[in-house]
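Okay, structure first, notes after.
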Amino acid sequence: MLKDLFHKKRKYATLTTQELAERRDNIPEGIMTKCKKCSELLISREIEKHLQTCPRCGYHFPMNAPERLASTLDEGNFTEYDQGLTSVDPLRFDGYPAKIEQVRTATGLMEAVVTGEGAIGGHPVVVGVMDSRFIMGSMGSVVGEKITRAIERAIERRYPVILFSASGGARMQEGVFSLMQMAKTSAALNRLSQAKLPYISVLTHPTTGGVSASFASLGDINIAEPGALIGFAGRRVIEQTIRQKLPDDFQTAEFLLKHGMIDLVVHRKEMKQTLSKVLDMHAGGVRHGSRSAL
Amino acid sequence: MAADLHFEKPLTELRAKIEELRKFTEEKGIDFTDEIVKLEQKAIELEQSIYGELTPWNKVQIARHAERPTTLDYIRGIFTDFIELHGDRTFGDDPALVGGIAKLDGIPVTVVGHQKGRDTKENIFRRFGMPEPEGYRKALRLMKQAEKFGRPVICFIDTPGAYPGMAAEERGQSEAIARNLLEMAGLETPVICIVTGEGGSGGALALGVGDRIYMLEHAVYSVISPEGAAALLWKDAAQAQRAAETMKITAQDLYAFGIADGIVEEPMGGAHKDPTATVKRVQEQLVSAVRELLLQSTDELLESRYQKFKAIGRYQEVSNEPLKHNA
């Protein structure tokens, strides 16, 4: 029939919301990821290619320590320090050893920070990278000791230090020992500063509490990733104290930049190049007091 | 008369009874002397049993007692010629943190400390002893000044924590605390810290990097308040009592951990029961520490201060060598 000829063929299958949800659920785990900011459904490998950022809106997904090292250091150029330094349970805190064991298995990491030496753009450097998957990246005795030792080695070798923070703060399960790591790491940075060696702090999401109130805020240059949550007190605590709602951008990297607390906000894709430039600027050459000819 | 704490109630009631019997004896001429003597004996025993076995939570309550001596009470009682100095030279003057110059046993010193209030009105003015960044920056300014003139620095620590406010975050609460930690570690003059009441987290530590850390007998020092810990651990701030035990926050715990260098004994029942005696004991401790530290060279001082903090932490080390323990 003529009528049949003009019958519109449906080009697309219409799916009900329920069917859609079912289909989405059927996508194998890990292939697709929804952007937390723009809600775009993205192919995970695409996000990986963009260093765990959203290719559409630039949202920065959390980056774990191995990925960070791989994307920051020159290839094949990393010697890890103090891998065998592990936590004990000084307060005999209920469930703490089991928790550590579980997180170790889940992440393949020994602790919440990985330290070592490598090179960026050919410049030797001591690095420390925190991983927020390990008990919120919290700082206990091991994190404090590893960072302190890394800084001490940098002083011995006369290397610059770069620390990437990602931490909820001091580790509660180690009580006052965790608190004191703030003093210990800051004291080591004092020595680094006395030795006139540069320290670059890279604040990533999240950097709060005792880590924000110690080494993360003490860089000669403080760099933050876009959108990172950075602050001392928690949002809820502040809202309860002052009894008013806080602005949406409160304690973001951009908020801190506006208030003069950090030097710059750098997209992750430009991080390595920025660090390399800064390191190059500090790599000797002509300087006052060096007596080298211009 | 100092307000009583809940756990002191049996003792208070017993004392009231003794007083009542005394009145009877005097007014009505009935002789209760034997009963009074017996009850007084019982009161002493009760006192021993209550104050001899204070739980961590009891200590928290004593450390927070409204009539516990504050920093300015210690300053007035211990030093002579105190001149309070104000302001951070950048933004303002923080009443939650006081400081100035004074003489300790004839030696010029710089003194800084958290300042709590006595009543609600004063506490609002003092922000309950919770400094904003200006407070820490004022402290640092005074400490750098002390360094310049070779004056020892005395830090009185008594705060629930740094103030959690919007303005405090805008002006860099984190940076202010961090800067103090870094600078105090390298201050080229003796630094003596004493936790007199609450040593609340980073806000306390920002005055706590020194050559000596003393604690009053019932003072506490912790990474987070018992209420905060309870809220995080069990989603219930009412479990603060349990958290106080779990977190190991007493002067005795910190001394056992090797973090506190000494404990200054308090009068029976706490510092507020006899402030004059407490102030005197603190004074003795400070004078002996200052005299001892003034004899050390700057290099010695800084090296041992660094090593003191470097040694804090518990971990194990697995390598090719046998297991090493750091205790």
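One table, with the values for the structure above:
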| item | result |
| --- | --- |
| Subset of the range A:63-77 [modelled with pLDDT of 95 or more and of a type outside the set (Ser, Thr, Tyr)] | A:Met63, A:Asn64, A:Ala65, A:Pro66, A:Glu67, A:Arg68, A:Leu69, A:Ala70, A:Leu73, A:Asp74 |
| Pairs where the first residue, in the range A:32-58, is in contact (Cβ under 8 Å) with a residue 40 or more places away in the chain and the second is surrounded by fewer than 18 Cβ atoms within 10 Å (Cβ to Cβ) and part of a strand (DSSP E or B), C-beta under 7 Å, 6+ apart | none |
| Residue that is surrounded by the fewest Cβ atoms within 10 Å (Cβ to Cβ), among those in the range B:256-274 that are more than 14 Å from the chain's Cα centre (by Cα) and in a helix (DSSP H, G or I) | B:Ala256 |
| Output for the range A:243-271, where each listed residue is over 17 Å from A:Gly219 (Cα atoms), more than 14 Å from chain B (Cβ to nearest Cβ) and crowded, with 17+ Cβ neighbours inside 10 Å | A:Arg268 |
| Among the candidates B:Lys116, B:Lys59, residue that is surrounded by 15 or more Cβ atoms within 10 Å (Cβ to Cβ), touching a Phe, Trp or Tyr at 6+ places or on another chain (Cβ under 7 Å) and either closer than 29 Å to B:Ser288 by Cβ or basic (Lys, Arg) (or both) | B:Lys116 |
| Selection count where residues are surrounded by 10 or more Cβ atoms within 10 Å (Cβ to Cβ) and either within 31 Å of the chain's Cα centre (by Cα) or not in a helix (DSSP H, G or I) (or both), scope the range B:15-29 | 1 |
| In the range B:157-171, the residues that are crowded, with 24+ Cβ neighbours inside 10 Å and either at the interface with chain A (Cβ under 7 Å from one of its Cβ atoms) or aromatic (Phe, Trp, Tyr) (or both) | B:Ala162, B:Tyr163, B:Glu169 |
| Enumeration of residues in the range A:164-212 that are surrounded by 24 or more Cβ atoms within 10 Å (Cβ to Cβ), free of Cβ contacts under 8 Å to residues at least 40 places away in the same chain, more than 22 Å from A:Pro97 (Cβ to Cβ) and not hydroxyl-bearing (Ser, Thr, Tyr) | A:Ala183, A:Ala187, A:Leu189 |
| Which listed residue is within 14 Å of chain B (Cβ to nearest Cβ), assigned to a strand (DSSP E or B) and within 15 Å of the chain's Cα centre (by Cα), from A:Thr115, A:Thr86 | A:Thr115 |
| Some residue of the range B:204-217 being part of a helix (DSSP H, G or I), modelled with pLDDT of 95 or more and crowded, with 24+ Cβ neighbours inside 10 Å | yes |
| Count of the range B:216-250 residues which are closer than 23 Å to B:Leu286 by Cβ and more than 11 Å from chain A (Cβ to nearest Cβ) | 4 |
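Conditions tested, residue by residue: (1) facing chain B (nearest Cβ under 8 Å); (2) among the hydrophobic types (A, V, I, L, M, F, W, C); (3) in a strand (DSSP E or B).
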{"position": "A:Ile200", "(1), (2), (3)": "no, yes, yes"}
{"position": "A:Leu203", "(1), (2), (3)": "no, yes, yes"}
{"position": "A:Pro206", "(1), (2), (3)": "no, no, yes"}
{"position": "A:Val211", "(1), (2), (3)": "no, yes, no"}
{"position": "A:Ala216", "(1), (2), (3)": "yes, yes, no"}
{"position": "A:Gly219", "(1), (2), (3)": "no, no, no"}
{"position": "A:Gly227", "(1), (2), (3)": "no, no, no"}
{"position": "A:Ile238", "(1), (2), (3)": "yes, yes, no"}
{"position": "A:Thr241", "(1), (2), (3)": "yes, no, no"}
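The values are calculated or read from the model by the stated rules, or taken from the named source; none is laboratory data. Every value quoted in this text rests on a predicted model; they were computed, and no experiment measured them. Counting neighbours? That spans all protein chains shown, and the Cβs are built from the backbone with ideal geometry, glycine included.
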